[in-house]
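Okay, so here's the structure we're looking at.
The values are calculated or read from the model by the stated rules, or taken from the named source; none is laboratory data. Keep in mind the model is a prediction, meaning the values are calculated, not measured. Cβ sites come from the backbone with ideal geometry, for glycine too, and all protein chains shown count toward neighbours. Surface areas here come from the heavy atoms of the whole protein model, side chains and all, with no ligands, DNA or RNA. Shrake-Rupley method; radii C 1.70, N 1.55, O 1.52, S 1.80 Å.
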Amino acid sequence: MHKARVGRWAKAKPRAPKKGESSWAYFRRVYGSITWILDGQADPGLSMFYCGNVTGGGWSCLEIDSDSDYPLDDLVELTGNEELADLVVFHGGWHHDLSFAFDPREVSPTGEQAIIPFGDNLTRLPRRVKPERIVPFGDWLYRRVVALTKVAERNLRELN
């Protein structure tokens, strides 16, 4: 089901960012996606959802896809809010309000966009983030992986 994405990172070679390239653009160019699949016994305390937001795609706490296919047109039609059409949904879990999207209304001096929580129930955008307060995607991802890893490692130790 996820053949094009799973394992792509194993062949990726870290490279220097291009001049003016945001951390998201770098991630897209070099890696493309991350999907972390866990067994149900290792997931207590983690926000879990099915990969690809469908049953049978794997049980995940982290699914980032630079080629996300979330149907924003449907959400805009449902809510009547045209602003939602500009979001870039990059993290799975949208059926459970566990997803994230880029909000392009403000951009940092380094080309980064604000990251906002996202789900099927989103009807309006949160307050704008000042450009100087936008957290780069790479920093956001690092913090998220560290936090998830602490919980997963604790759970795995308790299984033994």
Through the Karplus equation 6.51 cos²θ - 1.76 cosθ + 1.60, θ set to phi - 60°, convert the phi angles of the range 102-111 into ³J(HN,Hα) values in whole Hz; use x for Gly and Pro.
8, 9, x, 5, 10, 10, 6, x, 9, x
Note to self: with every protein chain in place and a 1.4 Å probe, the chain gives an accessible area per residue in Å² of 61 Å²
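So what is the relative contact order for the range 60-116, in percent, with contacts set as C-alpha pairs under 8 Å and at least six apart? Present the calculation step by step, with values, prior to reporting the outcome.
Numbers: 70 pairs, mean separation 14.7, N = 57.
Relative contact order comes out at 26 percent.
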Charge-dipole axis of the range 45-135 as Lys and Arg at +1 and Asp and Glu at -1 on Cβ define it, positive-most pick from 71, 84, 45
45
In vacuo Debye scattering of the range 99-142, one point per C-alpha: log10 I(q)/I(0) at q = 0.17, 0.23, 0.24 Å⁻¹?
-0.45, -0.78, -0.83
Per the Kirkwood treatment, what hydrodynamic radius in Å, one decimal, follows for the range 74-157 from the mean inverse distance over all distinct Cα pairs?
14.1 Å
Apply the Karplus curve 6.51 cos²θ - 1.76 cosθ + 1.60, θ = phi - 60°, to the phi angles in the range 59-68 and return the couplings in whole Hz, x for Gly and Pro.
9, 10, 10, 8, 9, 10, 9, 6, 10, 3
Charges only on Cβ, +1 for Lys and Arg, -1 for Asp and Glu: so what's the dipole of the chain about the Cα centre, in debye to the nearest 20?
980 debye
By how many nm would the segment from residue 132 to residue 15 lengthen if fully extended, with 0.36 nm per residue of separation less the alpha-carbon distance?
39.5 nm
Given the chain, report the % of alpha carbon pairs whose separation exceeds 28 Å.
24 percent
With labels modelled as points extended 7 Å from the Cα through the Cβ direction, what inter-label distance (nm, one decimal) is found for residue 43 paired with residue 85?
3.5 nm
Could you please state how large a percent of the accessible area of the chain is carbon and sulfur, counting protein chains only and using a 1.4 Å probe?
53 percent
Amide H contacts under 5 Å for residue 88, placed H, 5+ residues apart
102
